[in-house]
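One structure is given here, and the rest of the page talks about it.
The values are calculated or read from the model by the stated rules, or taken from the named source; none is laboratory data. Predicted, not measured: the structure shown is a model, and the values here were computed from it. Glycine gets a Cβ as well: all are built from the backbone with ideal geometry, and neighbour counts include every protein chain shown.
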Amino acid sequence: MTILEIIHALRDKVKKRLPISIILSLIIAAGVGLYFSSIPGEYSATARIFPLSANSSRGASSPLDQIRSQFGIGGGEGSNEIYDLNELIISKRLSFKVVNSITTNKKFDKLYKWLVFDHNSELPFYEDKIVLGDKKTDSLKNLIVGRSLLLGRVEVEKSDNGYTSLIVKSYDKELAKEINENILIALSEFYIDFVTEKPRTDLIQIQKMRDSLSTELSLIERAIAGQIDNSQFGVKASVNLPRAKLSRKQTEVQAIYSTTVNALQNARFKLLSESPIFQILDYPGEPYSFEKKPWKKYAMSAFIVCMILFSLWFCRKIFINIIVEELKKA
């Protein structure tokens, strides 16, 4: 067969089977469209945040830097390091804390219960619903279930200008907002605890040293007062020697005490100055983004693909004959 004959044969076959191809393609496209139209839409609550960092000035020296310099405190460069928010969110420490948080919804005392209800509310009939266990005996199991649902709804996007977007999707827009807010709170608390852990430890230790020195100084002062009272009834030479020793010890302890008090003030300021600020550019809430599968697009794509496949199927004998003829020639 010549190429022209092949083209005419294909055209005739497609034309002959065109009505049935259209009918079958429409049926399949309708099924695809019906399936995707049944998939519920999701609301998205988005929060845009600045990098999590400690108080730090940019450019010229600020009053905070001047006080740091006076106290001999560094700028806290280590606390300016930005960690992967996505890794923090998927960690057990933060994710369990989020799903176990108390909700504002009076129907659910814990966030994981709200997550499970939201998941089950739009579940297709052919999938099994999630059933939570007993609150006491299966508490860890419930948290694991809630965590798996949570991680499937959270996205972290980083932009080139340094901002980070935290996106939470849910069938219930209020749930999406609450999840986003709880994640922001958990992240903020984590950074504060992480950055201020050493200053807090130093502050506690210095406070103990100051209290101990204060007690010792009070004992010395009482001993000196007792020596003064005894000097009125004793020989002056025999009394002055112990008093001189006590005075020297008082001076030494007083110097250490003064240094400790200054160090305590420095530690308090360091703890305050290194507390990170969680800066939020856009809070999660109205307006929410709503996303639903474009069922018309999927139906049209299914119709076109089915038309092509059915046409090829009805022309299969022509293609087989062409292949057989070519094999005979070879």
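For the reader, a short list of remarks on this structure follows.
- Odd one out for residue 124, checked against (1) under 20 Å from the mean Cα position of the chain (by Cα); (2) surrounded by fewer than 17 Cβ atoms within 10 Å (Cβ to Cβ); (3) within 26 Å of residue 35 (Cα to Cα); (4) in contact (Cβ under 8 Å) with a residue 12 or more places away in the chain: (1)
- Filtered residue count, region 127-164, keeping only those that are surrounded by 11 or more Cβ atoms within 10 Å (Cβ to Cβ) and more than 28 Å from residue 35 (Cβ to Cβ): 16
- Hey, residue 132 outside any strand (DSSP E or B), modelled with pLDDT of 90 or more and either out of contact with any His (no Cβ under 9 Å at 6 or more places or on another chain) or farther than 23 Å from residue 289 by Cβ (or both) or not: no
- Some residue of region 108-120 being over 22 Å from residue 90 (Cα atoms), buried (at least 16 other Cβ atoms within 10 Å of the Cβ) and not charged (D, E, K, R): yes
- Single condition residue 40 does not satisfy, out of (1) farther than 30 Å from residue 125 by Cβ; (2) surrounded by fewer than 18 Cβ atoms within 10 Å (Cβ to Cβ); (3) at pLDDT below 85: (1)
- Complete set of residues in region 1-36 that are more than 30 Å from residue 124 (Cβ to Cβ), out of contact with any Ser or Thr (no Cβ under 7 Å at 6 or more places or on another chain) and either surrounded by 14 or more Cβ atoms within 10 Å (Cβ to Cβ) or of a type in the set (A, V, I, L, M) (or both): 1, 3, 4, 6, 7, 9, 10, 13, 17, 18, 20
- Scan of region 109-128 for residues that are part of a loop (DSSP other than H, G, I, E, B) and either within 15 Å of residue 173 (Cβ to Cβ) or at pLDDT 90 or above (or both), ordered by number: 122
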